[in-house]
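First the structure, in the form of structure tokens, and then the observations on it.
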Amino acid sequence: MSLAELTLVDFRLFYDLSFVPSIDGTTVIEGPNGGGKTTILEAVSYLGTQRSFRRAPREAMIRAGADRAIVRGDFCRTNRVLVEAELTRTGSSRAQVNRQPARRQELAAAAPVTVFSPDDLAIVQRGPSGRRELLDDALRVVDRQAGATIDEAERVTRQRTALLRQSGGRLKEDIAPTLDVWDERLARVGTALAVARERLLEEATPTIAAAYHALAGRDDALQLSYRRSWEGDLAVALATHRTGDLRVGATTVGPHRDDLAITLAGRDSRLQASQGEQRSVALALRLGLHQLLTERLGEPPMLLLDDVFSELDPNRSRALVAQLPIAQALVTTAVPLPAGIEVAQVTDVLTIGRRTAPASEPGGRP
């Protein structure tokens, strides 16, 4: 899969942009800080994931003065695939594949991407949500049914939690039957999602561990384990926690509370590893899952590398480049690229997009 052309309208600082990268090789996007280099990668990633890898809210991705933003990617496979997204300040945003409404798993399959960024360190250092997202993003690409399960689990959890908040902390007669329904649904889809994540992690662990060894140049054993937020049957756990959930107005067990535990030589990587070790772990997680997706898809997802090499020492940079499958890549960097990357195209970000509206449209587009 390759990106043939990216079009942006009112996305962040760009009034409009048309960007044509190299189809087969590495395109380096250069330019000053604040010029929009990361914005281009963010837009490409948004098409496949429907969120910002910078964890920005939707409204932050819409140009000041505009009510909506458009991101359009024309991708090449055996056929051309058009992926489009509309972001709005109010109401629901929309996405399409070949002009047809598409759900998140369909978008992930149409525009699979792997993003490497300095913020990946947060996957190891911070809370479990980033680690769950890492697994779920991969699941959406390789397993459409799992993608549907992720969406259903999120929807059911929101509905159950909203009902808990409406209860005022008490199990009223008119609430109990509905809560029973949501508990049954969450037990079913939550268990299915946990199983899918566990299977993916089991398959990916050897590749991730090998990637860590190559990146760190050490023999420390990297161990990954999926930790459910409940023991035994989820339906029983939900019933056991119901009184407490009513009191706090939250669903305290389920796949949205699970975690990916990471240890190095028996040490908790979040609390007891050095920052260099943590960065190697974060890179290994991305790289291992990227290699797994390449095997499962038969072709590598598109690579987006946002200023990664400025955070790595020369050895880690060379090790990362050596393990990346040959694929189309978009790279931003503030330092010279390591040996092994053959650059097909260099683009100055200041030459590929218009940042201000014409005088006839001072407030943005009609």
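Of note:
- Selection status of Gly190, crowded, with 18+ Cβ neighbours inside 10 Å, at pLDDT below 95 and assigned to a helix (DSSP H, G or I): no
- Qualifying residue in segment 252-270 (condition: assigned by TED's automatic domain parsing to the domain that holds Glu198, within 30 Å of Thr88 (Cα to Cα) and either touching a helix residue (DSSP H, G or I) at 6+ places or on another chain (Cβ under 6 Å) or crowded, with 21+ Cβ neighbours inside 10 Å (or both)): yes
- Just one of the listed residues (Ala56, Ala95, Ala69, Ala60) is in contact with a helix residue (DSSP H, G or I) (Cβ under 9 Å, 6 or more places away or on another chain) and outside any strand (DSSP E or B), and it is Ala56.
- Looking across Arg144, Arg131, Arg197, Arg158, one residue alone is farther than 28 Å from Phe309 by Cα, in contact with a strand residue (DSSP E or B) (Cβ under 8 Å, 6 or more places away or on another chain) and outside the structural domain of Leu82 (by TED's automatic domain parsing). It is Arg197.
- Consider segment 351-366 and keep the residues that are in a loop (DSSP other than H, G, I, E, B), small (Gly, Ala, Ser) and modelled with pLDDT of 60 or more. The one that is nearest to Ala69 (Cα to Cα) is Ala357.
- For segment 98-121, the set of residues classified as without any contact (Cβ under 8 Å) to a residue 60 or more places away in the chain, assigned to a helix (DSSP H, G or I) and not acidic (Asp, Glu) consists of Arg104, Gln105, Ala109, listed by residue number.
- Test result for Thr207, among the hydroxyl-bearing types (Ser, Thr, Tyr), crowded, with 16+ Cβ neighbours inside 10 Å, closer than 22 Å to Thr294 by Cα and outside the structural domain of Tyr46 (by TED's automatic domain parsing): yes
- Filter pass, Glu84 being surrounded by fewer than 19 Cβ atoms within 10 Å (Cβ to Cβ) and more than 23 Å from Ala138 (Cβ to Cβ): no
- Evaluating Arg165 against the criteria (1) on the phi < 0 side of the Ramachandran plot; (2) in contact with a helix residue (DSSP H, G or I) (Cβ under 8 Å, 6 or more places away or on another chain); (3) in contact (Cβ under 8 Å) with a residue 60 or more places away in the chain leaves one unmet condition, (2).
- Candidates Asp180, Asp174, Asp219 - the one that is surrounded by fewer than 16 Cβ atoms within 10 Å (Cβ to Cβ), in the same structural domain as Arg131 (by TED's automatic domain parsing) and either aromatic (Phe, Trp, Tyr) or touching a helix residue (DSSP H, G or I) at 6+ places or on another chain (Cβ under 9 Å) (or both): Asp219
- Qualifying residue in segment 222-239 (condition: out of contact with any strand residue (DSSP E or B) (no Cβ under 8 Å at 6 or more places or on another chain), in a helix (DSSP H, G or I) and surrounded by fewer than 16 Cβ atoms within 10 Å (Cβ to Cβ)): yes
- Residue match in segment 19-37 (condition: within 21 Å of the chain's Cα centre (by Cα), free of Cβ contacts under 8 Å to residues at least 40 places away in the same chain, more than 17 Å from Ala109 (Cα to Cα) and buried (at least 18 other Cβ atoms within 10 Å of the Cβ)): no
- Answer residue from segment 322-350, given it is under 23 Å from the mean Cα position of the chain (by Cα) and at pLDDT 90 or above and is surrounded by the most Cβ atoms within 10 Å (Cβ to Cβ) among those: Leu330
- Filtering segment 63-87 to residues that are β-branched (Val, Ile, Thr) and in contact (Cβ under 8 Å) with a residue 24 or more places away in the chain leaves Ile70, Val71, Val81, Val83.
- In segment 272-313, the residue that is farthest from the chain's Cα centre (by Cα) out of those that are farther than 22 Å from Leu222 by Cβ and part of a helix (DSSP H, G or I) is Ser310.
The values are calculated or read from the model by the stated rules, or taken from the named source; none is laboratory data. Please read all numbers here as calculations on a predicted model, not as lab measurements. Methodologically, a virtual Cβ is constructed for each residue, glycine included, from the backbone with ideal geometry; neighbour enumeration extends over all protein chains shown.
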